[in-house]
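Participant: Input: one structure, supplied below.
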């Protein structure tokens, strides 16, 4: 862990303040059905079409735990290198709201399914470890829709009862950049595991952000404020920046910070008090008597461990060791499971070095321009592999390859066919090249004389002319060799 | 055949199986008697026309292999019944018609029984006299203006008055056994986890248990046979090997060790109850049982523990009745106002009292002192029974500290009302089975019951003891049909 240039500090007068951040991430579990009922969980369905009697809390209805969701939570815990608890307890968190049909949320309060773990962040100045406090399973609430009618609120219960994992970090984060890296890493791990799709637009990943500030060097924590339900990394970073500065201003002004829950107003770019500690809900947590404590055996956990795929940290290590990638390249390629899968498919049949460059530079830029995910890439891994092989065996030059690549981006065409159809094959026949070069020298007698009299810079001019005349197809290496001889 | 309604369940089953009676005849007899008995106010919702229709259809194609072939039956209005209003005795569910069936009632219909209607009960099963029902109090057929007990007061009254051959109730702190005792009938509270809670309007989830109520022990055993099943839809349902309670019923209890807990001799217990208990001990001895004095040292704490745990769970279980999704809704200025008006108008006084107690004991700052402590005491109470069962096979106690009281007598004194449950609540707290059988009368001629408490999953044993004692006791209920004009 380093304390250098990238340290995030707030300066006021002669004081330097450090920002302390902890996150409570709510990650929707990937599961066909809800945590305690058999209703579907598909995003974007017509309102109230994925609601069972249990989800709507009809009289006499009882929750039954979905074993798959439990497995997903344990897998996530394993991915976070965390302690899996053999015994956990579901509690009721009691409060009234129109979109909370039971009048309580079933959650894990005292005894969560997953205990302490950690996440490693790759920051520009080195690695940083962020502690995980716990992970617990809970039900999502429904959705209140206030803007469909001037007088009434509508309630959609599709989300009611959907399984969430609440992942609570230790207050180990120190800057908006670290928050960014943390969320991305968490998302990456869960996507590798297939336990959460991490889609923030659809609300599959949301976070409450706890922020406090303290003078640099201080060991004590300041009073924290919780910023509720921020649904993009950008907003999280903005909210932290605003909130940290607000707290510093208060301290510098000799005022005290109230522990409270705040909301981030994305339009005004500011946080606002939602409720103070005194007004905080008394949730009256108690163990849900409808559910027995959740017991998982060591065998059960071991079996899940054996199903865990290679995770980003391990994959990165392998890429560096086996493929001699730089840590920078490896980081980029492992950050998303789809990208790393794509990469590994490309290098099955082609050169690693070239593949790394073509994916990181050309493919990413092209996808970015078209606003596409790697899974939507018009160029399949197989075809990119073919293109790289055409470069490698000298069939086309790197420059021509870019032209072919552009064509491929317009539709998944075989690069060999493009090269054939457009006659882009590189000219590597020395005799043909000699004839071509002779003609160029002949056409530029004056320049050739100048070159011979010592103006060696003109060599580049001749290469350019040869390439131009050949329509870019001349093998640049051979052109160089022959030109040198002839001039 | 005359006096159909006087027949026991086993007689009716036999007569239908041997085709001496049709389901229609039986159903008609109970419907007619029910119609003549409106004064008792046992029904919240009657479904006679459907019942007669179902009976007719049964007779057209009778399946006589079933355990309850064409037997008409009314059930406590806490069980959700598909397409038939289910109110839990509350205004807040006055208009609620379930689209689903409770597992216990489904088991009953699967064995050929026919639903006649829904029986009155205390609101959300909170009460010991059936006086908290939104649908009015129920008369005890023993005597006018006498409560039938509660919360399954409609059920006990209906069985005692022979308006239904058998019925089911629910028992959270004594709600089957106490009304059985008050009406001279038999009521069994099974082991927690024996009968599914799926589709039963919840009062206190860790205590609620459905059970049979009948005129005699054998009928009770036959019905327990039908309703006790493992159910995946209830996470607290227990998959244990269930007996064929009816078939295996025996009066041979020779050598069974029966414990007499000294702590059940409570202060101010009427002498009549003390005498009844002594008589009970003699009956048990006559049956060949061995009597052993035992101690259940934490008995004193059972009632306060119960009145923390049950309201705590209830305060949360009843949060769903908020006027948003179903049931009664009062209009309000905004969401909070709507909640307040709905719940103030929709719930009766006793339910509101318990929601407040429950909310209080779960509140931060009070949780440790009340709820957590109560849970610890609950464990001690359970340990008491575990220790006792190292020495005995069953425990014999009075069912209630008094006979039935007058309507209105205790409505303004909740604590004295709660004291009614003093002998029954420890059984719920420990999750054990308990059965109340009629064992005598007090000076006023009102019935008194004895309770036999068993080990967990040992329903067969307490049914056997009750069956043997029932014969020795030879109890006769004095029902005069005073309400039939």
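Participant: Relative contact order of chain B: what whole-number percent is it, with Cα pairs under 8 angstrom and at least 6 residues apart?
Facilitator: 18 percent
Participant: Step by step: find N for the range B:95-208, compute 2.2 N^0.38 Å, then divide the Cα radius of gyration by it. What's the final number?
Facilitator: 1.01
Participant: Please work out the FRET efficiency for the pair residue A:277 and residue A:96, using the Cβ-Cβ distance as r and a Förster radius of 25 Å; give the result to the nearest 0.05.
Facilitator: Step by step, r from the Cβ atoms, then E = 0.80.
Participant: Something else now. One-quarter of the Cα convex hull surface for chain A, in nm²?
Facilitator: The Cα convex hull of chain A, projected and averaged over all directions, gives 32.9 nm².
Participant: Turning to a different aspect of this structure: Counting alpha carbon pairs within less than 8 Å and at least 6 residues apart, what relative contact order, in whole percent, applies to the range A:430-486?
Facilitator: Working: 34 pairs, mean separation 26.4, N = 57.
Relative contact order, the range A:430-486: 46 percent.
Participant: Which peptide among A:153-159, B:312-318, B:328-334 comes first, and what is the full order, when sorted by highest mean count of other Cβ atoms within 10 Å?
Facilitator: B:312-318, A:153-159, B:328-334
Participant: Sorting B:482, A:358, B:109 on the 10 Å Cβ count, fewest up front, what's the list?
Facilitator: On the way: B:482 12, A:358 24, B:109 17.
In increasing order of surrounding Cβ atoms, one gets B:482, B:109, A:358.
Participant: Using label points projected 7 Å from each Cα along Cα→Cβ, tell me how many nm separate residue B:240 and residue B:18, to one decimal.
Facilitator: Going from the residue B:240 label point to the residue B:18 one covers 3.6 nm.
Participant: Report the calculated FRET efficiency for residue B:83 and residue A:116 (r = Cβ-Cβ distance, R0 = 45 Å), to the nearest 0.05.
Facilitator: Efficiency, from the Cβ-Cβ distance: 0.30.
Participant: Across bins of 5 angstrom width beginning at 0, how are the C-alpha pair distances of the range A:145-278 distributed, in whole percent?
Facilitator: Per 5 Å bin, starting at 0, the Cα pair percentages come out as 2, 8, 16, 19, 18, 15, 10, 7, 3, 1, 0.
Participant: Let me know the whole percent of all Cα-Cα pairs from the range A:310-422 that are separated by more than 22 Å. Please report the intermediate quantities before stating the final value.
Facilitator: Numbers: 1852 of 6328 pairs.
The answer is 29 percent, as a whole percent.
Participant: If you don't mind, another one. For all pairs of alpha-carbon atoms in the range B:267-416, what percent lies in each bin of width 10 Å, listed from the first bin to the last filled one?
Facilitator: 9, 24, 27, 22, 12, 5, 1
Participant: Residues in the range A:254-275 near a label at residue A:232, defined as backbone nitrogen under 20 Å from the 7 Å Cα→Cβ point?
Facilitator: A:263-272
Participant: Å³ per residue of the Cα convex hull, for the range A:355-487?
Facilitator: Numbers: hull volume 15.6 nm³, N = 133.
Given the Cα convex hull of the range A:355-487, per-residue volume reads 117 Å³.
Participant: Still on this structure, I have one more. Just to be sure I understand the model, the point goes 7 Å from the Cα along the line to the Cβ. What's the resulting residue B:36 to residue B:49 distance in nm?
Facilitator: 2.4 nm
Participant: Sort B:52, B:207, A:387 so the one with the fewest other Cβ atoms within 10 Å of its own Cβ comes first. Provide the component values of the computation, followed by the final result.
Facilitator: Values: B:52 18, B:207 25, A:387 29.
In order of increasing Cβ crowding within 10 Å: B:52, B:207, A:387.
Participant: Can you give the relative contact order of the range B:215-324 as a percent, counting alpha carbon pairs under 8 Å and 6+ residues apart?
Facilitator: Values: 72 pairs, mean separation 27.0, N = 110.
25 percent.
Participant: If each Cα of the range A:14-305 is one equal point scatterer, what is log10 of I(q)/I(0) from the Debye formula at q = 0.07, 0.12, 0.16 Å⁻¹?
Facilitator: Calculated log10 I(q)/I(0) at the listed q: -0.28, -0.82, -1.39.
Participant: Tell me the Rg and the Dmax, in Å, that the Cα atoms of the range A:222-354 produce.
Facilitator: Rg, Dmax (Cα atoms, Å): 23.8, 66.
Participant: How well do other chains shield peptide A:286-294, expressed as the mean number of their Cβ atoms within 10 Å of each residue Cβ?
Facilitator: Mean number of neighbouring Cβ atoms from other chains: 6.
Participant: Same structure again: Quick one: P(r) of the range A:430-486 from all Cα-Cα pairs, 5 Å bins, percents rounded to integers, in order of increasing distance.
Facilitator: For the range A:430-486, the binned pair fractions read 4, 20, 37, 24, 12, 3 percent.
Participant: Now a separate question. Can you give the FRET efficiency to the nearest 0.05 for residue B:376 and residue B:263, using r as the Cβ-Cβ distance and R₀ = 22 Å? Provide the component values of the computation, followed by the final result.
Facilitator: Working: r = 19 Å, r/R0 = 0.85.
That gives a FRET efficiency of 0.75.
Participant: While we're here: Can you check what the Kirkwood hydrodynamic radius comes to for the protein assembly as shown, Cα pairs only, in Å to one decimal?
Facilitator: Details: mean 1/r = 0.0300 Å⁻¹.
Kirkwood radius, the protein assembly as shown: 33.3 Å.
Participant: Pairing the Cα long axis of helix A:176-193 with the longest principal axis of chain A, what angle in degrees results, from 0 to 90 and rounded to the nearest 10?
Facilitator: 90 degrees
Participant: Now, a different point. Kindly provide the helix-only [θ] at 222 nm of chain B, computed as the sum of -39,500 (n - 2.57) over DSSP H runs of four or more divided by all residues, to the nearest 500 deg cm²/dmol?
Facilitator: After summing the helix terms and dividing by the residues of chain B, the value is -10500 deg cm²/dmol.
Participant: Further, regarding this structure: State the volume of the convex hull built on the alpha-carbon positions of the range B:348-480, expressed per residue in Å³ and rounded to an integer.
Facilitator: Dividing the Cα hull volume of the range B:348-480 by its residue count gives 145 Å³.
Participant: Once you put a point 7 Å from the Cα of residue A:266 and another 7 Å from the Cα of residue A:486, both along the Cβ direction, what distance in nm separates them?
Facilitator: Calculated label separation equals 6.2 nm.
Participant: Something else now. Measuring from the lowest to the highest alpha carbon on each principal axis, how far does the range B:117-172 reach, largest first, in angstroms?
Facilitator: Result, largest extent first: 25, 24, 18 Å.
Participant: Using only the Cα atoms, work out Rg/Rh for chain B, with Rh taken as the Kirkwood radius, to two decimals.
Facilitator: 0.95
Participant: Just from its helices, what would the mean residue ellipticity at 222 nm be for chain A, if runs of 4 or more DSSP H residues each count -39500 (n - 2.57) and the sum is divided by every residue, rounded to the nearest 500 deg cm²/dmol?
Facilitator: Rounded to the nearest 500, the figure is -11000 deg cm²/dmol.
Participant: Oh, and also: Looking only at Cα atoms, what is the convex hull volume of the range A:244-284 per residue, in Å³?
Facilitator: Spread over its residues, the Cα hull of the range A:244-284 gives 79 Å³ apiece.
Participant: Also, quick follow-up: Based on alpha-carbon centroids, what's the gap between the range A:444-487 and the range B:143-196 in Å, whole number please?
Facilitator: Here the answer is 109 Å between Cα centres.
Taken together, the values in this text are just the output of simple stated rules run on the coordinates, not laboratory data. Small disclaimer: the values here were computed from a predicted structure and weren't measured. Positions of Cβ are backbone-derived with ideal geometry, glycine not excepted, and every protein chain shown enters the neighbour counts.
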